[in-house]
Amino acid sequence: MNTFEKVYKVVLKIPRGKVLTYGNVGIVVGVSPRVVGYAMHANKNGKIVPCHRVVFRDGSLTEGYAFGGKDVQRKLLVNEGISFIGDKVDLESHLLRG
DNA sequence: CCGTTGACCAGGC
DNA sequence: GGCCTGGCCAACG
């Protein structure tokens with residue numbers, strides 16, 4: 001099992017309408033948050049893992065998103081029923097905590 | 001094998 | 001509340 005696959009597996013387990021932070025995925029997988037971000041970057045195709053359900057600890061998104069940018073990512077999240085506070089995800093309501 | 005590079009996060013100013 | 005710094009760890013050259 002590669003480190004990427006472990007990250008992908010956890011991200012795939014995120015239910016619709018919920019989000020996780022990079023650091024949270026890192027804790028579950030057992031790697032540093034940087035590695036999670038690296039794995040997401042490797043997934044820049046966006047066809048393998050719903051990386052739009054992974055956001056910053058702050059609830060903010062990323063500029064270099066695979067599908068085109070944070071605007072596209074925000075649209076995808078809203079499409080799944082996730083609400084936003086300004087330019088950030090409403091973590092209080094949608095952060096998946098285990 | 002070593003140095004650099006990140007889609008990060010927390011702390012200090 | 002924005003910006004910088006240190007720590008973190010796998011992938012790349």
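The values are calculated or read from the model by the stated rules, or taken from the named source; none is laboratory data. If you're wondering where the values come from, they're calculated on a predicted model, not measured in any experiment. Counting neighbours? That spans all protein chains shown, and the Cβs are built from the backbone with ideal geometry, glycine included.
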Practice problem: Might you check whether a residue that is within 13 Å of DNA strand C (Cβ to nearest atom) and of a type in the set (V, I, T) occurs anywhere in region A:33-41? | Solution: yes
Filtering region A:1-50 down to residues that are free of Cβ contacts under 8 Å to residues at least 60 places away in the same chain and small (G, A, S) yields A:G23, A:G26, A:G30, A:S32, A:G37, A:A39, A:A42, A:G46
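Regarding A:K70, is this residue within 13 Å of the chain's Cα centre (by Cα), touching a residue at least 40 places away in the same chain (Cβ under 8 Å) and either more than 11 Å from DNA strand B (Cβ to nearest atom) or more than 24 Å from A:N2 (Cβ to Cβ) (or both)? Steps first, answer last, please.
On the way: within 13 Å of the chain's Cα centre (by Cα): yes; touching a residue at least 40 places away in the same chain (Cβ under 8 Å): no; either more than 11 Å from DNA strand B (Cβ to nearest atom) or more than 24 Å from A:N2 (Cβ to Cβ) (or both): yes.
When the stated conditions are applied, A:K70 does not pass them.
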Does A:I48 satisfy the criteria of being within 14 Å of A:V10 (Cβ to Cβ), within 16 Å of DNA strand C (Cβ to nearest atom), in contact with a helix residue (DSSP H, G or I) (Cβ under 9 Å, 6 or more places away or on another chain) and of a type in the set (V, I, T)?
yes
For A:I48, the lone unmet condition from (1) more than 18 Å from A:K88 (Cα to Cα); (2) among the hydrophobic types (A, V, I, L, M, F, W, C); (3) modelled with pLDDT of 95 or more is (3)
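When the residues of region A:14-54 are narrowed to those that are assigned to a strand (DSSP E or B) and within 8 Å of DNA strand B (Cβ to nearest atom), which ends up surrounded by the most Cβ atoms within 10 Å (Cβ to Cβ)?
A:V54
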Considering region A:73-88, residues that are of a type in the set (K, R) and in a helix (DSSP H, G or I), and then whichever is farthest from DNA strand B (Cβ to nearest atom), we arrive at A:K75
Here the residues within region A:1-13 that are part of a loop (DSSP other than H, G, I, E, B) and either modelled with pLDDT of 95 or more or closer than 22 Å to A:G68 by Cβ (or both) are A:K13
Quiz item: Can you spot a residue in region A:59-80 that is away from DNA strand C (no atom under 16 Å from the Cβ) and either within 12 Å of A:Y8 (Cα to Cα) or touching an Asp or Glu at 6+ places or on another chain (Cβ under 6 Å) (or both)?
Solution: no
*Filter pass, A:L61 being in contact with a strand residue (DSSP E or B) (Cβ under 7 Å, 6 or more places away or on another chain), more than 6 Å from DNA strand B (Cβ to nearest atom) and in contact (Cβ under 8 Å) with a residue 24 or more places away in the chain*: yes
